[in-house]
1. Looking at (1) open to solvent by 30 Å² or more (accessible area, probe 1.4 Å); (2) at pLDDT below 90; (3) under 17 Å from the mean Cα position of the chain (by Cα), find the lone condition where Pro202 falls short.
2. Quick check on Ile49: is it under 25 Å from Leu176 (Cβ atoms), among the β-branched types (Val, Ile, Thr), touching a residue at least 60 places away in the same chain (Cβ under 8 Å) and touching a helix residue (DSSP H, G or I) at 6+ places or on another chain (Cβ under 8 Å)?
3. Out of the residues in segment 142-163 that are among the aliphatic types (A, V, I, L, M) and free of Cβ contacts under 8 Å to residues at least 12 places away in the same chain, which is least open to solvent (accessible area, probe 1.4 Å)?
4. Any idea which of Leu157, Leu190, Leu134 is touching a Leu at 6+ places or on another chain (Cβ under 9 Å) and farther than 26 Å from Pro6 by Cβ?
5. For segment 93-135, enumerate the residues that are open to solvent by 50 Å² or more (accessible area, probe 1.4 Å), in contact with a helix residue (DSSP H, G or I) (Cβ under 7 Å, 6 or more places away or on another chain) and under 15 Å from Leu69 (Cβ atoms).
6. Could you figure out which of (1) of a type in the set (A, V, I, L, M); (2) farther than 29 Å from Ser158 by Cα; (3) without any contact (Cβ under 8 Å) to a residue 12 or more places away in the chain isn't true of Leu105?
7. Please state which one of Leu109, Leu105, Leu82, Leu116 is at pLDDT below 95 and either among the small types (Gly, Ala, Ser) or over 20 Å from the mean Cα position of the chain (by Cα) (or both).
Amino acid sequence: MASKAPLSPGLRMAVDYGPLAVFFIVNALAPGSEIGRILAATAAFMIAITAALAFSWFRAGHISPMLWLSGGLVLVFGSLTLYFHDRVFIQVKPTFVYAMFAVLLGYGLATGRPLLQNLLESAYPGLTPRGWRLLTINWAAFFAVAAIANEVARAMLSWDQWVLFKTWGMIPATLLFTIANVPMLLKNGLQLDRKEEAAVPPPEG
């Protein structure tokens, strides 16, 4: 396959967070009972994440490992939600993803393997080894806190409140956390002429 230009930051944001927007909109607008809305929103989420994977492949010629992982888990947990008619599966999916990212990044730190650098190097050109280590520590801590927060929210909130938390709580928190890391990145070698790309966080889906 011929080499294709990478997705712009705006397109990457659309690919990463568009499916979540579809999930929120369908849940808000679908008629019927709560379980009917849950199933409709989950099915729409699965279709949207599949479309995002396909768009990334045809537009950029590849799919990032993190998007593969997030999309695959959406399809697995979404299928379980649809089959069992039980919202718990789609609600624990973010917890599973966050916890897995935290463990993987922590493992990379403990073993000296730059897992985050291997995944995101093109988005942080010029970043020094110290910068990658600090960024990995920060993201590992963020994902661990996010996993706990999702479980607390899942246990304490109604379905619609949890959807609001996931869409209007976690997405802005992730974006703000990413932006908050930029000064540290700039101090550790991030190239100024491409720093805007660093404002795109890893997807959760």
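1. Tallying (1) open to solvent by 30 Å² or more (accessible area, probe 1.4 Å); (2) at pLDDT below 90; (3) under 17 Å from the mean Cα position of the chain (by Cα), Pro202 fails exactly one: (1).
2. Details: under 25 Å from Leu176 (Cβ atoms): yes; among the β-branched types (Val, Ile, Thr): yes; touching a residue at least 60 places away in the same chain (Cβ under 8 Å): yes; touching a helix residue (DSSP H, G or I) at 6+ places or on another chain (Cβ under 8 Å): yes.
Yes.
3. Restricting attention to segment 142-163, the residues satisfying the condition of being among the aliphatic types (A, V, I, L, M) are 144-149, 152-153, 155-157, 163.
Checking the rest, the ones that are also free of Cβ contacts under 8 Å to residues at least 12 places away in the same chain come to 145, 148, 152, 155-157.
Values: Val145: 97, Ile148: 114, Val152: 72, Ala155: 84, Met156: 144, Leu157: 57 Å².
Of everything passing the filter in segment 142-163, Leu157 is least open to solvent (accessible area, probe 1.4 Å).
4. Values: Leu190 fails: farther than 26 Å from Pro6 by Cβ; Leu134 fails: farther than 26 Å from Pro6 by Cβ.
Residue meeting the stated conditions: Leu157.
5. Phe96, Leu104, Leu115, Leu119
6. Exception for Leu105: condition (3).
7. Working: Leu105 fails: either among the small types (Gly, Ala, Ser) or over 20 Å from the mean Cα position of the chain (by Cα) (or both); Leu82 fails: at pLDDT below 95; Leu116 fails: either among the small types (Gly, Ala, Ser) or over 20 Å from the mean Cα position of the chain (by Cα) (or both).
From the options Leu109, Leu105, Leu82, Leu116, the qualifying one is Leu109.
The values are calculated or read from the model by the stated rules, or taken from the named source; none is laboratory data. Small disclaimer: the values here were computed from a predicted structure and weren't measured. For neighbour counting, all protein chains shown are included, and Cβ atoms are generated from backbone atoms with ideal geometry for every residue, glycine included. For the accessible areas, the whole protein counts, side chains as well, though only heavy atoms, and no ligand, DNA or RNA atoms are used. Shrake-Rupley method; radii C 1.70, N 1.55, O 1.52, S 1.80 Å.
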